[in-house]
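Please read the structure below before turning to the comments.
The values are calculated or read from the model by the stated rules, or taken from the named source; none is laboratory data. Fair warning: this is a prediction, and the values are worked out from it, not measured in the lab. Cβ placement follows ideal geometry from the backbone for every residue including glycine, while neighbour counts extend to all protein chains displayed. Protein only, heavy atoms only, side chains kept; ligands, DNA and RNA dropped before computing areas. Shrake-Rupley method; radii C 1.70, N 1.55, O 1.52, S 1.80 Å.
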Amino acid sequence: MTVPVALLLLGTLAAVVAPRLLARADWPEREPVVALWVWQCVVAGVLLCCAMSMTLSAAAAWQAVRGHVFASAPHAVVDAYALRAAGGWAATLAVTLALGGLWTAAMLAREIFRSRARRRRRRAELLVRSPLLPGEEPGSDRLVVLEGERPDAWWLPGAAPQLVITTAALRRLKGRQLDAVLAHEMGHARWRHDWLLHCSGALATGFPQVPVFAAFRDEMHRLVELAADDVASRRFGRLTIALALVELNEDRGVFGPCPTPQAHVPQRVHRLLTPPRRLTPARRLRLTAAAALVPVVPLLVTFVPGLRALG
């Protein structure tokens, strides 16, 4: 019965240590796409630890569950996990982790519901501010121009995604700056960054005391912007997207001494104007491969006793 406990300890260790290690590293800002992958693998590893620990604890606590989990396994495999020696705490652990899983699903469903409600509300506002012309179908245009005195541009995801830009932004953005902003927003849409934000927000809201989930949410908001900046800069240059960011945000006070909700914008501009040196392809490959092994570790801890018994 040591495997469920080992999985739980492994998940706890990863949830505490991984955010600290990633916060001390200097490469995530240089390689935001790789950092996004590493964070997803770490969170997947933590969730797998909890799921596997819950399954084995339930198998130890209840014969019916054990019969389903080890339905076709030889007796030697079942004995290798020492499930019958478990005490009453196995049921408590299984129920606690199951409730945590249900709570996670509820938080994700709430996040998706709220996101869809916000999307419907914003689309209704678009129809008011930019009504359809006779014969025009809803959502037929991927680009919507709104009258507005505040320069702004955003991507509205959904079944018929649209890029919304104000007339003030059109007046401010010069030359290729508009193309760079469009490429930035389309980068968000192409890589479905909205789903990353939904999942990270749901986990952080459901478990605010778990360091890895809170850091996951904060880093997702930062890294998706850096990744989209890189997508745009590769096509139109770093100076172009940096100037576009300044034009869109200089009236919001983000470059002043007082902190604002868009405090990350000056950091993004500084990164674009003084680009950090990228990692070598070999190191990027090593980081990607090492991160992919993180979710494999809980699977190895789970299945190694059974495989040894078979061997």
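Some observations on this one:
- The single condition among (1) closer than 29 Å to residue 21 by Cβ; (2) surrounded by fewer than 18 Cβ atoms within 10 Å (Cβ to Cβ) that residue 186 does not meet is (1).
- Residue match in the range 297-304 (condition: buried (at least 20 other Cβ atoms within 10 Å of the Cβ), among the hydroxyl-bearing types (Ser, Thr, Tyr) and over 30 Å from residue 6 (Cβ atoms)): no
- Just so you know, in the range 163-182 the residues that are in contact with a strand residue (DSSP E or B) (Cβ under 9 Å, 6 or more places away or on another chain) and among the polar types (S, T, N, Q) include one that is surrounded by the fewest Cβ atoms within 10 Å (Cβ to Cβ), and it is 167.
- Applying the condition of being modelled with pLDDT of 90 or more and among the hydroxyl-bearing types (Ser, Thr, Tyr) to the range 46-101 and asking which residue is surrounded by the fewest Cβ atoms within 10 Å (Cβ to Cβ) yields 92.
- Scanning the range 92-137 for residues that are among the polar types (S, T, N, Q) and touching a Gly at 6+ places or on another chain (Cβ under 6 Å) returns a single hit, 104.
- Residue satisfying all of: in the range 142-162; of a type in the set (A, V, I, L, M) and open to solvent by less than 30 Å² (accessible area, probe 1.4 Å); nearest to residue 251 (Cα to Cα) among these: 153
- Test for residue 115: is it open to solvent by less than 40 Å² (accessible area, probe 1.4 Å), over 21 Å from residue 298 (Cα atoms) and not hydrophobic (A, V, I, L, M, F, W, C): yes
- Taking each residue of the range 246-264 that is within 23 Å of residue 219 (Cα to Cα) and at pLDDT 80 or above and looking for partners that are among the aromatic types (Phe, Trp, Tyr) and in a loop (DSSP other than H, G, I, E, B) with beta-carbon atoms closer than 9 Å, six or more apart or interchain, yields 246/255; 249/255.
- Enumeration of residues in the range 294-311 that are among the β-branched types (Val, Ile, Thr) and assigned to a loop (DSSP other than H, G, I, E, B): 294
- When the range 80-100 is filtered for residues that are in contact with a Cys (Cβ under 8 Å, 6 or more places away or on another chain) and of a type in the set (A, V, I, L, M), only 97 remains.
- Test: residue in the range 190-201 that is more than 12 Å from the chain's Cα centre (by Cα) and either open to solvent by 40 Å² or more (accessible area, probe 1.4 Å) or within 30 Å of residue 50 (Cα to Cα) (or both): yes
- If you go through the range 23-42 and keep only what is under 15 Å from the mean Cα position of the chain (by Cα) and either modelled with pLDDT under 95 or closer than 17 Å to residue 275 by Cα (or both), you end up with 28, 32, 33, 34, 35.
- Within the span defined as the range 249-257, every residue fails to be surrounded by fewer than 16 Cβ atoms within 10 Å (Cβ to Cβ) and within 19 Å of residue 193 (Cβ to Cβ).
- Selection of the range 223-236 for residues being buried (at least 17 other Cβ atoms within 10 Å of the Cβ) and over 10 Å from the mean Cα position of the chain (by Cα) yields 225, 226, 227, 228, 229, 230, 231, 232, 233, 236.
- Residue match in the range 17-39 (condition: free of Cβ contacts under 8 Å to residues at least 40 places away in the same chain, open to solvent by 70 Å² or more (accessible area, probe 1.4 Å) and either of a type in the set (A, V, I, L, M, F, W, C) or under 16 Å from residue 290 (Cα atoms) (or both)): yes
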